[in-house]
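*Asks:* Structure provided below as structure tokens; questions to follow.
The values are calculated or read from the model by the stated rules, or taken from the named source; none is laboratory data. Keep in mind the model is a prediction, meaning the values are calculated, not measured. Because the Cβ atoms are built from the backbone with ideal geometry, glycine has one as well, and the counts that use them run over all protein chains shown. Ligands, DNA and RNA are excluded from the accessible area calculation, which covers all protein heavy atoms including side chains. Shrake-Rupley method; radii C 1.70, N 1.55, O 1.52, S 1.80 Å.
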Amino acid sequence: MSIKDRCAVVGVGATDYYRRGRSFPQSLMEMAIKATLAALEDAGLTRDDLDGFALYSTAPIDPGTMAGEMGIGEVGFAATLTSGGGGAAGAVGLAAAAIHAGMADVVVSLMTLQQAGQRLGGSSGGPPRFARSDGGAYGGAMSVPPGTAFTAPSGMGSPGHNFSMITRRHMHQYGTRREHLAEICITQRDYALNRPKSLMKTPLTMDEYFNARMISDPLCLFDHTMETDGAVAVITTSLQRARDLRHPPAVIAGSVAGGHTDNYNLLGWWQQRGNLFASSGHRNVAEQLYRMAGVGPDDIDVACFYDHFSPMVLMQLEDYGFCPVGEGGPFIADGNMRLDGKIPVNTHGGNLSEAYIIGMTHIVECVEQIRGTAINQVQGCEYALCTGGPAVIPMSGTVLRKL
């Protein structure tokens, strides 16, 4: 039986957001627990109610350790989706599935991010310095496993390189221009300016966008997500229990974590069919999600698209049916992502301008939009869409609705 309308998100919580490495001296676990306790408090629940963990693979938290440190007794469910940010929205569906199956009653989905390595110390009064222990979120070098031996000699060593290829193909096929990407970045920055926790606090102009350094042509600095620290948690429970809690529930109308193997991996796998190459890989996810939720793009009032790179916002607009394939650029140029547009998008600023907590901020924004408490509120919001990925299977999408 489907999870449609069986569960709801009832609590959201987050730490402050930090520039890369500035969450010190907090630990990953400390931030995870802070966010989870805040989400439980938001729901009107306590740690004694929590009995499940529905995570996705980039969450570097062991449920058993976290439950022990929180003083939680029995854990009825603990599971992790594969994929990285592609599982963000799907983690809510995983929580709903566990609850609907009777394995848990109150489940947390969370992400904790601390992008820093060994602490090196800092100047007096200044922030600590860290040795980079990896290639960064989306910008640096990576090791070369056999699966990437074909692409690595061409210098394609990070996701930014891969998504620049997809973007260039979209430009070639459909006439998409960098001005369209700039409009995404500028619109999301404008939304972020109103958010107290957002890290980007100054407006972005077209001139600043085009004067920014190029990282992976045609993607410049502002087309890439930030590298940030912090934690975000959301609490899911049954709809029956949700009715009696602190806030109006954000009902889970549908949630999908999957994709089609024709387009299973956007990271260096160039075997997609021609009509799928320049896409976000979400078309099949969108079809399944709309079918489960019983809605279509015309029913969605606000969309929070996973935006590790700005062109993926454009391609998700197409793949979720808000405009025809190939027309995302003009659609965005006409202001349709803004509050008075056809479909307000990433009204919290997204990964690009609020904070990058690997997709979890998008779920928080959708919940606030459904509650009617969002800072950039879409009037009359009944349905909100959030996504995870694009990256590899599973890519995910979740539709939340008002009760």
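*Asks:* So what is Rg over Rh here for segment 275-403, counting just Cα atoms and using Kirkwood for Rh?
*Replies:* 0.92
*Asks:* Now for a separate question. Quote the FRET efficiency, to the nearest 0.05, computed for residue 74 versus residue 403 with a Förster distance R0 of 30 Å and r equal to the Cβ-Cβ distance.
*Replies:* 0.50
*Asks:* Related question: Assuming R0 = 60 Å, what is the FRET efficiency of residue 201 and residue 1, from their Cβ-Cβ distance, to the nearest 0.05?
*Replies:* Efficiency for this residue pair is about 0.80.
*Asks:* Only bridges whose two residues both fall in the chain count here: according to DSSP, what percent of them are antiparallel, nearest 5?
*Replies:* Here the antiparallel bridges make up roughly 80 percent for the chain.
*Asks:* Then there is this: For a quick check of your reading of the filter: which GluC sites (Glu not before Pro) in segment 34-94 sit in a DSSP loop and have no more than 11 other Cβ atoms within 10 Å?
*Replies:* 74
*Asks:* Compute the label zone of residue 208 within segment 333-355: residues whose backbone N is under 13 Å from the point 7 Å along Cα-to-Cβ.
*Replies:* It comes to 353-354, nothing else.
*Asks:* For segment 172-224, which trypsin sites (Lys or Arg not before Pro) are in a loop by DSSP, counting at most 12 other Cβ atoms within 10 Å?
*Replies:* The qualifying sites are 201, 213.
*Asks:* What is the percent carbon and sulfur in the accessible area of the chain, measuring with a 1.4 Å probe over the protein chains and ignoring ligands?
*Replies:* Answer for the chain is 50 percent, counting heavy atoms of protein chains only.
*Asks:* Could I ask something else about it? Of the listed values (i) 0.98; (ii) 1.08; (iii) 0.95, identify the label whose number matches Rg/Rh (Cα atoms, Kirkwood Rh) calculated from this model.
*Replies:* (iii)
*Asks:* Rounded to whole Å, give me the distance from the Cα center of segment 272-315 to that of segment 204-246.
*Replies:* Cα centroid of segment 272-315 versus Cα centroid of segment 204-246: 17 Å apart.
*Asks:* If you don't mind, another one. Please give every one of the lysines within straight-line cross-link reach of residue 402, meaning a C-alpha to C-alpha distance under 18 Å, and leave out same-chain neighbours fewer than 8 residues apart.
*Replies:* 4
*Asks:* I've got another one for you. To the nearest 20 debye, what is the magnitude of the charge dipole of segment 191-266 about its Cα centre, counting +1 on the Cβ of each Lys and Arg and -1 on the Cβ of each Asp and Glu?
*Replies:* 600 debye
*Asks:* Using only helices, what value at 222 nm comes out for the chain when you add -39,500 (n - 2.57) per DSSP H run of length 4 or more and divide by the total residues, to the nearest 500 deg cm²/dmol?
*Replies:* Helix contribution divided over all residues of the chain: -9000 deg cm²/dmol.
*Asks:* Give the cross-link partners of residue 197 among the lysines, using a straight C-alpha distance below 17 Å as the criterion and excluding same-chain residues fewer than 8 apart.
*Replies:* Cα-Cα hits under 17 Å: 34.
*Asks:* Starting from the 7 Å offset along Cα-to-Cβ, what nm value, one decimal, do you get for the label separation of residue 217 and residue 271?
*Replies:* Rounded to a tenth, the inter-label distance reads 3.0 nm.
*Asks:* Leaving out same-chain residues fewer than 8 places away, which aspartates and glutamates sit with a Cα under 12 Å from that of residue 201?
*Replies:* 190, 354
*Asks:* With every protein chain kept in place and ligands, DNA and RNA left out, what is the accessible area per residue of the chain? Probe 1.4 Å, answer in Å².
*Replies:* Roughly 38 Å² per residue, with all protein chains present.
*Asks:* How much length is gained if the chain between residue 287 and residue 154 is pulled fully straight, taking 0.36 nm per residue apart and subtracting their Cα-Cα distance, in nm to one decimal?
*Replies:* Value of the extension gain: 44.4 nm.
*Asks:* Let me ask something else about it. Taking the Cα centre of the chain as origin, sum charge times position over the Cβ atoms of Lys and Arg (+1) and Asp and Glu (-1), and report the length of that vector in debye to the nearest 20.
*Replies:* Value, rounded to 20: 520 debye.
*Asks:* Report, largest value first, the span of the C-alpha coordinates of segment 1-56 along each principal axis, in whole Å.
*Replies:* Each principal axis gives a Cα extent; for segment 1-56 these are 44, 23, 16 Å.
*Asks:* Then there is this: Using 0.36 nm times the number of residues separating residue 262 and residue 173, minus their current alpha carbon distance, what extension gain do you get?
*Replies:* Value of the extension gain: 30.1 nm.
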